[in-house]
Amino acid sequence: MNNQADDLRTAFEAAGQGHVFRWWDELGERSKRRLTRQLENVNLGRMAEMSNAMAELKQPKQRTLSPAPAFELSNEKFPYNLADGARAMAPQGEKELRDGRVGVLLVAGGQGTRLGFDGPKGCYKILPLTGMTLFEVFARKLQRIGREYGKTPPLYVMVGNHNEAETRNFWQDHDYFGLNPDDVKFFAQGEMPALDADGRFVMAGKDALFTGPDGHGGVVQALNDKGMLKDMRERGVRVISYIQVDNLQVPVADPAFIGLHLSEGAEVSLKVVRKEDPAERVGIFCHDEGVPCIVEYTEFSDEQANERDGNGRLRYWQGSIAVHLFSTDFLMRLVERGMDLPLHAAHKKVPHIDPDGNEVSPTEPNAWKFERFVFDVIPMASNVVCLEVPREEQFLPLKNADGPFGPDGARQSYQQYWGSAVEAALGKRPSAIEVDPLVAENARELIERLKESTAAKQWDLSKPLHITAKSF
Ligand code: UTP
């Protein structure tokens, strides 16, 4: 054993983790190097944090909840309207886009276990007629912003170790879908080890710890570690538009939202949709002891989840859709002050090797995995703004293999929404529909375009309708 490995062994033994060296003597030189490299990157100082996360799961934090204010929709019926207060601020957001002060942050480092697709989720062919992938949808949405405001925001894509190469290759093979490659930056998020029932690191092999992505909340640290915050600073990016790769309908950079965020002097903003069903499994934006935060649905008592106001509407209605704006200065401040987001533990099935070196694929949860959640930045911000958006317009997540959030369900909801726009403008709903993201951001924009178009009046709506710029 060399000195470096000796030091590591001493440190791991002191932390009660000496078992990671169990097979050391039978490892070849390459395997030894691999294990050493991995162990060097494990922060043993985090052990206490991991124990706290497990303890919190067993004994959840006491909360004192109250509803939080939001800018509510001014028209709740299709094709909807955002709050007047937000729409009035759109010019400020548009100026920010024209001045090139907005960056788009797309997190795509998840494992997509529930979808069960063999590849990065962004490579999933989702649109109903052309099979356009999620990544291309976002690239085209960005191009539309670029054409409208004269500047295309830089795109920062967070990937995980497991999908980094495939994601980079996919974009390269598709010529960055027409975006400037200099304006598309990929960066890998961090990894966290898992702990078994005895609090020991789970081994994936004789020369490897099991590690998994550290959650979408890993984005704050990764942006800093991988030089992305610096890049944003150098480009003059003041506002970061955070979106998740699985939300097909999310605008990549929404001028009204950006304008509202700036005019309110917010450090973090979020979009919510109205929760109608008290049992819906969605995190709720509210106050805990007066501090804005997102609280998991599991932390609400039945009674709280069912509380209603004088109009019979849920008091805790603000379902978070994981769409945020962050001020660059705020994220810089967090990392400069070393303010980590809290770790959350989850009991999961983690494949591993047993003490005899045999591979085990558990059928029941056997280990604790750890992740950080991006919404935990909310209580750290000095000012937070919440904007209600129409659910069908901006929230269509691809999560599962089937059901409403599976590919078929998502395509159906997508066509329902855009079909309604065509019906509102042209009087008839097409049998199937796809709208090129370059054409319109939402139904309001499409309706306006269709009403002004003479070509549209000639369209054969008895056939599947693919609306592109050439259709007009
Ligand atoms: P989800 O929490 O839905 O997880 O991620 P997932 O990995 O996509 O799917 P499951 O749970 O394994 O089925 C929401 C968003 O956060 C990103 C995902 O890529 C997705 O855009 N994410 C999640 C990360 O970037 N990193 C993570 O560690 C976790």
Q) Restricting to helices (runs of 4 or more DSSP H) lying wholly in the stretch 386-453: which have 2 or more residues that are over 19 Å from the mean Cα position of the chain (by Cα) and touching a residue at least 24 places away in the same chain (Cβ under 8 Å)? A) 407-426, 443-452
Q: Would you point out the residue of the stretch 123-159, among those that are of a type in the set (Lys, Arg) and not in a loop (DSSP other than H, G, I, E, B), that is most open to solvent (accessible area, probe 1.4 Å)?
A: ARG147
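If only one of PRO342, PRO365 is open to solvent by 40 Å² or more (accessible area, probe 1.4 Å), under 19 Å from the mean Cα position of the chain (by Cα) and not hydrophobic (A, V, I, L, M, F, W, C), which one is it? Give the derivation first.
Values: PRO365 fails: under 19 Å from the mean Cα position of the chain (by Cα).
Going through PRO342, PRO365 in turn, the sole match is PRO342.
Quick check on my filter: what residues within the stretch 263-283 are of a type in the set (Gly, Ala, Ser) and touching a residue at least 60 places away in the same chain (Cβ under 8 Å)?
As a first pass, look at the stretch 263-283 and keep what is of a type in the set (Gly, Ala, Ser): 263, 265-266, 269, 279, 283.
Answer for the stretch 263-283, where residues must be of a type in the set (Gly, Ala, Ser) and touching a residue at least 60 places away in the same chain (Cβ under 8 Å): SER263, GLY265, ALA266, SER269, GLY283.
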Q. Within the stretch 340-348, is there a residue that is out of contact with any Phe, Trp or Tyr (no Cβ under 8 Å at 6 or more places or on another chain) and more than 16 Å from the ligand (Cβ to nearest atom)?
A. no
Q. PHE375 versus (1) in a helix (DSSP H, G or I); (2) open to solvent by 60 Å² or more (accessible area, probe 1.4 Å): which is the lone unmet condition?
A. (2)
Q. Of the residues that make up the stretch 243-251, is at least one open to solvent by 10 Å² or more (accessible area, probe 1.4 Å), more than 16 Å from the ligand (Cβ to nearest atom) and at pLDDT 95 or above?
A. no
Q: Of the conditions (1) of a type outside the set (Gly, Ala, Ser); (2) within 13 Å of the ligand (Cβ to nearest atom); (3) open to solvent by less than 50 Å² (accessible area, probe 1.4 Å), CYS386 clears all except one; give me its number.
A: (2)
Q: Please specify each residue of the stretch 182-193 satisfying the condition of being under 22 Å from the mean Cα position of the chain (by Cα) and more than 15 Å from the ligand (Cβ to nearest atom).
A: ASP183, VAL184
Q: Determine which member of the set ASP231, ASP196 is under 16 Å from GLU371 (Cα atoms), surrounded by fewer than 18 Cβ atoms within 10 Å (Cβ to Cβ), away from the ligand (no atom under 16 Å from the Cβ) and in contact (Cβ under 8 Å) with a residue 24 or more places away in the chain.
A: ASP196
(Q) Quick check on ALA410: is it open to solvent by less than 40 Å² (accessible area, probe 1.4 Å), modelled with pLDDT of 95 or more and of a type in the set (Gly, Ala, Ser)? (A) yes
Q: Give the stretch 18-33 a look and list any residue that's of a type in the set (A, V, I, L, M, F, W, C) and within 15 Å of ASP7 (Cα to Cα), or say none.
A: VAL20, PHE21, TRP24
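If I filter the stretch 105-112 for residues that are β-branched (Val, Ile, Thr), under 22 Å from ASP340 (Cα atoms), within 16 Å of the ligand (Cβ to nearest atom) and at pLDDT 95 or above, do I get at least one hit?
At the first step, the residues of the stretch 105-112 found to be β-branched (Val, Ile, Thr) are 107.
Checking which are under 22 Å from ASP340 (Cα atoms) leaves us with 107.
So of that shortlist, the ones also within 16 Å of the ligand (Cβ to nearest atom) come out as 107.
Now narrow it down to the ones that are at pLDDT 95 or above: 107.
Within the stretch 105-112 (the criterion being β-branched (Val, Ile, Thr), under 22 Å from ASP340 (Cα atoms), within 16 Å of the ligand (Cβ to nearest atom) and at pLDDT 95 or above), the answer is yes, since at least one residue qualifies.
The values are calculated or read from the model by the stated rules, or taken from the named source; none is laboratory data. What you are looking at is a predicted structure, and each value in this text was computed from that prediction instead of being measured. No Cβ is skipped: glycine too gets one built from the backbone with ideal geometry, and neighbour counts run over all protein chains shown. For accessibility, only protein heavy atoms count, side chains too; no ligands or nucleic acids. Shrake-Rupley method; radii C 1.70, N 1.55, O 1.52, S 1.80 Å.
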